[in-house]
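Just below is one structure, and these are the notes that go with it.
The values are calculated or read from the model by the stated rules, or taken from the named source; none is laboratory data. Only a predicted model underlies this, so the values are computations on that prediction, with no experimental measurement involved. Here the Cβ positions follow ideal geometry from the backbone for every residue, glycine too, while neighbour counts run over all protein chains shown. We work out accessible area using only protein heavy atoms, side chains counted, and drop any ligands, DNA or RNA first. Shrake-Rupley method; radii C 1.70, N 1.55, O 1.52, S 1.80 Å.
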Amino acid sequence: GIVEVGAQLKTNLYPNPNDGKFTLEIETSVAGNYIIEVLNVLGQIIYSEKNVAILKQTTKDIDLSHLTKGIYYIRVHDNNQQQVKKIVIN
């Protein structure tokens, strides 16, 4: 089989769909600084938070209630890995 080497990044967000207010859970096997971005369906970054310290497991409450209803993507990444989740704001 194939064995993965290095850090593993997992994300979960809830509730989804939501009204723009949601919780993002980030879990990694290696603590470090990560970037959290929200992209629209065109791939444009409309929200960014840099140098977010993730210590194994971190929970962040995010308020994007100022955005229009629609589909967005949450991307959490560092130099080596990334996770992308679709989120629906209604």
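In sequence order, what are the phi-derived ³J(HN,Hα) couplings for the stretch 43-56 according to the Karplus relation 6.51 cos²θ - 1.76 cosθ + 1.60 with θ = phi - 60°, rounded to whole Hz, with x for glycine and proline?
For the stretch 43-56, the Karplus curve yields x, 7, 6, 10, 8, 8, 10, 9, 6, 7, 6, 10, 10, 6 Hz.
Apply the Karplus curve 6.51 cos²θ - 1.76 cosθ + 1.60, θ = phi - 60°, to the phi angles in the stretch 9-14 and return the couplings in whole Hz, x for Gly and Pro.
Computed from phi, the couplings for the stretch 9-14 are 10, 10, 10, 8, 9, 7 Hz.
Kindly work out what percent of the DSSP beta bridges joining two residues of the chain are antiparallel, to the nearest 5.
For the chain, the DSSP antiparallel bridge percentage is about 95.
Over the chain, what is the relative contact order in whole percent, taking alpha-carbon pairs under 8 Å and six or more residues apart?
33 percent
Please find, in a Gaussian network model of the chain (springs between Cα atoms separated by less than 10 Å), the residue of T11, T28, T68 whose mean-square fluctuation is greatest.
T68
With equal scatterers on the alpha carbons only and no solvent term, can you work out the Debye log10 of I(q)/I(0) for the chain at 0.21 1/Å?
Treating every Cα as an identical point scatterer, log10 I(q)/I(0) equals -1.00.
Write down the accessible area per residue of the stretch 46-90 in Å², having rolled a 1.4 Å probe over the full set of protein chains.
Values: 3020 Å² over 45 residues.
Per-residue value: 67 Å².
Under the Karplus relation 6.51 cos²θ - 1.76 cosθ + 1.60, θ = phi - 60°, what is the ordered set of whole-Hz ³J(HN,Hα) values for the stretch 32-41, x standing for Gly and Pro?
Using θ = phi - 60°, the values come out as x, 9, 10, 10, 10, 10, 10, 10, 7, 5 Hz.
Out of the DSSP beta bridges found with both residues in the stretch 32-74, what percent are antiparallel (nearest 5)?
That works out to approximately 100 percent antiparallel.
Name the residues whose placed amide hydrogens come within less than 5 Å of the amide hydrogen of V30, ignoring near sequence neighbours (fewer than 5 apart) on the same chain.
Q8
Could you give the nm distance between label points at Q82 and N12, where each point is 7 Å from its Cα heading toward the beta carbon?
Output for this residue pair reads 2.4 nm.
Taking amide H positions as placed 1.01 Å from N in the peptide plane, with prolines and chain starts having none, which residues 5 or more places from L64, or on another chain, fall under 5 Å of its amide H?
The list, which skips near neighbours in sequence, is K21, F22.
Report in % the part of the accessible area of the stretch 18-80 that belongs to carbon and sulfur, leaving out ligands and nucleic acids; probe 1.4 Å. Write down the numbers at each step before the final one.
Working: 1740 of 3700 Å².
Ligands and nucleic acids excluded, carbon and sulfur reach 47 percent.
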